[in-house]
Amino acid sequence: FQRTEAPRPPGAKDLHAYPWDKSSLKSMPVDLQQFKKLDAYALKVNVKNSVEELVKVLLKQARTDLEKVRAIWMWICHHIEYDVVGYHNKSQLSSKPRDVLQMGKSICEGYAELFEHMCSLAGIQCKKLSGHAKGYGYKTGQTFTGDSDHAWNAVYLEGRWHLLDSTWGSGSVDDSFTKFTYRYNEFYFLTHPALFINNHFPDNSNWQLLKPTLTLKEFENNMLHNSNFYMLGLLAAHPETPIIQTVNGKASVSVDCRPGTLFMFKLKGTDEHGLMTLKKHGMTLDIYPQKTGSHKLEIFAKPSKAEASDDVYKCVVEYMVECESVDEAMRFPKDLHQPVGPSWFSERQGFLRPSHREPVLHTNDGRCSLTFTLGKDISVLTSLHTDGSSLAEDMGRRHVLQIHRGNQIELKVHLPHAGSFVLKIYSKKKSDPGNYDYIFNYLIRCLNTEVKWPAFPQSYSKWLQDYEILEPLSGLLPANRNVQFKLKMHGIAKVLVQAENTHPLTQNRGCWEGTCNTSGCREVFVMVHENANHSFYSHVLKYEVETQ
């Protein structure tokens, strides 16, 4: 083994600019693909009798200093487990490298000392650093006092100092601090110093390797982004302070990221009290807590094109929301799904060029209309929901009318009463026999208590997608009246309206028109003859008639 000279203190050329320039997660260029063979070799090395022997075997496949450090890092992260028992009883604990190797477990102190010792045997300058960390047990916004509580390392590679934390690279402990789980984390290998400072504050500020350096106060006040935040390609979260005060019962949060990231949130464990919208480069979230006091807000993310192993939402940032007053008008129906409104996700599912890009629609007369351009081969299902029992499921479908013109779809909504409603939109490929998939939803609000629209008429399977009702749009007809009918239908031989008597409609420029008298009946049906030679009629629409 070559002896290493005494480590030089960090100087100007070791420093990185703060805040992070959003370039690389690492402090030097690292090609993980090129490490694949070396990593696999290091994982298989099984030497427990002496540290010297272990290093000798590990270095067989390592040529450069970077490869030597990588082999040592990989071995420690996969062979030393965190000693949860020792942590609670530190007096019994040795963090001497030989003991750590033989026990196969330690606390951060032992990880850092073993790392330092193995590097020095490999002829690489390495230093154990200690300081405060926002690790296990950290509470949002807390202060740090007294002795340092964590240890990590700096290594000297290619003429500069770099930072790493093999304790956090190896895995994590559970909330009760009784069980350690190996879960390798690439993030803590040669982490960019402007990201490392996010949860590591060294006793000696020179070892931040930053210009400018941060004060302990700044470290305490800074947002904690865990490694998932950066590994998922997220760039920033606003506000940049961990504690948010509501203003008039509302708090707002946003995240910037690379395209194609899905988000969810929990406020005190539920996503009922917010409006989250997905944007191409992130998301925005308005929170309306329905109780005063302090609430934990967690934001989760996952890539939309995930491999199966990554197909879970991971917590990326946490806030504490302090609520002084409640905005009760912003209570949302329990059927509301996050995110709300259209997004790149609904576009990807074939709902293009939405007429309404905002998540909330306000209507004064209880009616609204949305349009989209539909992708090819898409069949749409819609339903309207509200809290309470005023809308049974079948009725919820009948308060939305679909009108298709070429590849355009219009959704007409008539609200049965004032209040907050959810318009849910589902789709499937026409060629698929299966069920409809939920795609997205809107929140529709109406404050006008005079509003009371009846449902649209009920349609049957023979009512084709590109037929259109021009009148009557109301599914409830007045009693004892002559009612005008005007329906756009094609490819049909004959149309009848059946009330107490049968009234034929006549064809006029692509529309079937005529009147029907509603006296003496409770229901009115529209029926069609598809072929002049058939005597068989199909029902296509059904109207109710008001009772006297």
message: Suppose we filter LYS486, LYS452 for residues that are within 21 Å of GLN402 (Cα to Cα), of a type in the set (Lys, Arg) and outside the structural domain of VAL540 (by the TED database); which single one remains?
response: LYS452
statement: For the stretch 243-257 the number of residues that are open to solvent by 10 Å² or more (accessible area, probe 1.4 Å) and part of a strand (DSSP E or B) is 8
- request: Kindly check whether there is at least one residue in the stretch 404-416 that is touching a residue at least 60 places away in the same chain (Cβ under 8 Å) and either hydrophobic (A, V, I, L, M, F, W, C) or assigned by the TED database to the domain that holds GLU272 (or both).
  value: no
message: Filter the stretch 500-536 down to the residues that are surrounded by 11 or more Cβ atoms within 10 Å (Cβ to Cβ) and either assigned to a loop (DSSP other than H, G, I, E, B) or in contact with a helix residue (DSSP H, G or I) (Cβ under 6 Å, 6 or more places away or on another chain) (or both) and list them by number.
response: GLU500, ASN501, THR518, SER519, GLY520, CYS521, ARG522, GLU530, ASN531, HIS534
Among the candidates GLU81, GLU53, residue that is at pLDDT 95 or above, over 36 Å from the mean Cα position of the chain (by Cα) and within 21 Å of SER106 (Cβ to Cβ): GLU53
- line: Note on the stretch 141-171: residues open to solvent by 10 Å² or more (accessible area, probe 1.4 Å), in contact (Cβ under 8 Å) with a residue 60 or more places away in the chain, part of a strand (DSSP E or B) and on the phi < 0 side of the Ramachandran plot are TYR156, ARG160
Pick from the stretch 31-50, criterion buried (at least 16 other Cβ atoms within 10 Å of the Cβ) and among the hydrophobic types (A, V, I, L, M, F, W, C), ranking: nearest to LEU163 (Cα to Cα): PHE35
statement: Note on the stretch 199-237: residues in a strand (DSSP E or B) and in contact with a Lys or Arg (Cβ under 9 Å, 6 or more places away or on another chain) are HIS200, PHE201, LEU234, LEU235, ALA236
- line: Picking from LYS13, LYS60, the residue that is more than 30 Å from ASP174 (Cβ to Cβ), in a helix (DSSP H, G or I), open to solvent by 60 Å² or more (accessible area, probe 1.4 Å) and not assigned by the TED database to the domain that holds SER170 would be LYS13
- request: For HIS132, state whether it is part of a strand (DSSP E or B), within 35 Å of the chain's Cα centre (by Cα) and in contact (Cβ under 8 Å) with a residue 12 or more places away in the chain.
  value: yes
statement: Condition set modelled with pLDDT under 95 and among the charged types (D, E, K, R), scope the stretch 14-50, selection nearest to LEU209 (Cα to Cα): answer is ASP21
message: Taking the criterion of being buried (at least 19 other Cβ atoms within 10 Å of the Cβ), closer than 25 Å to LYS134 by Cβ and in contact with a Cys (Cβ under 8 Å, 6 or more places away or on another chain), would at least one residue in the stretch 258-281 satisfy it?
response: no
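Answer yes or no as to whether VAL155 is among the β-branched types (Val, Ile, Thr), assigned by the TED database to the domain that holds ASP65 and touching a Phe, Trp or Tyr at 6+ places or on another chain (Cβ under 7 Å).
no
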message: Looking at the structure I just gave you, is PHE300 open to solvent by less than 60 Å² (accessible area, probe 1.4 Å), touching a residue at least 12 places away in the same chain (Cβ under 8 Å), in contact with a Ser or Thr (Cβ under 8 Å, 6 or more places away or on another chain) and of a type outside the set (D, E, K, R)?
response: no
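The values are calculated or read from the model by the stated rules, or taken from the named source; none is laboratory data. It should be emphasised that the depicted structure is a prediction, and the values quoted were computed from it without experimental measurement. Note that we place each Cβ from the backbone using ideal geometry, even for glycine, and neighbour counts take in every protein chain shown. Keep in mind that these areas ignore ligands, DNA and RNA; they rest on the heavy atoms of the full protein, side chains included. Shrake-Rupley method; radii C 1.70, N 1.55, O 1.52, S 1.80 Å.
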